[in-house]
Amino acid sequence: MWPWGHLAVAYLLYTAVVHRRFRRPPRALPAIALAVGSQTPDLIDKPLAWNVGILPGGRTLSHSIFTFAALVVVVLAVATRLRRRPLGVGFLAGYGSHLLADVPPAALGGDFSGATYLLWPVLEPPPEEPVAGILDAILSYYELGAFEWVQFGLFAVGAVVWYRDGMPGLGLVTAPLERWVTA
């Protein structure tokens, strides 16, 4: 899944839960933590596999439920200690939604062979085409098929929902940029 697809899935799931549970849109800092969490597995695995060659594939270490389970314990402990639990929950919601969104559609029909990365290193990750780096991945690894167009649609829906929620997090990101530009 492309980064904007992961972001859309994470935000749509998170805002639905926040609206249902708290009857309000997500807050700014947890929304930013959610966005970061939704990208983290790819920001770790893909460079370490494709650019450095440390990992056997672009969905291994940080795409594993074993890593996620350890991360849940650590992130919640640190966030609770710092009295920032909503930030930890936001990050973990984004991270967890990334893992779920990467499960191939064939799994809906019972074919889980494309999701063995979730149990890495116990199971081998699904085979993937060799990639010479991130730029090569962008230019040749991915193609625009029906699944990619669905992601664009999800992103559009997510952007509209985020806008209707008051664009949580935007001000915290843009304010430092505005101060820097106008200084």
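Here, each number is a calculation from the coordinates, and none is a lab measurement. Computed from a predicted structure; not experimentally measured. Backbone-built Cβ (ideal geometry, glycine too); neighbour counts: all protein chains shown.
Normalised by residue number, the volume inside the convex hull of the Cα atoms of the stretch 50-161 is 150 Å³ per residue. Sorting the segments 7-18, 23-34, 112-123 by their mean number of nearby beta carbons within 10 angstrom, highest to lowest, gives 7-18, 23-34, 112-123. Counting neighbouring Cβ atoms within 10 Å and putting the fewest first, the residues His19, His6, His63 line up as His19, His63, His6. Give the angle, between 0 and 90 degrees and rounded to the nearest 10, that separates the Cα long axis of helix 85-101 from the longest principal axis of the Cα atoms of the chain. Helix 85-101 sits roughly 30 degrees off the main axis of the chain.
Sorted fewest first by neighbouring Cβ atoms within 10 angstrom, Phe91, Phe22 come out as Phe22, Phe91.
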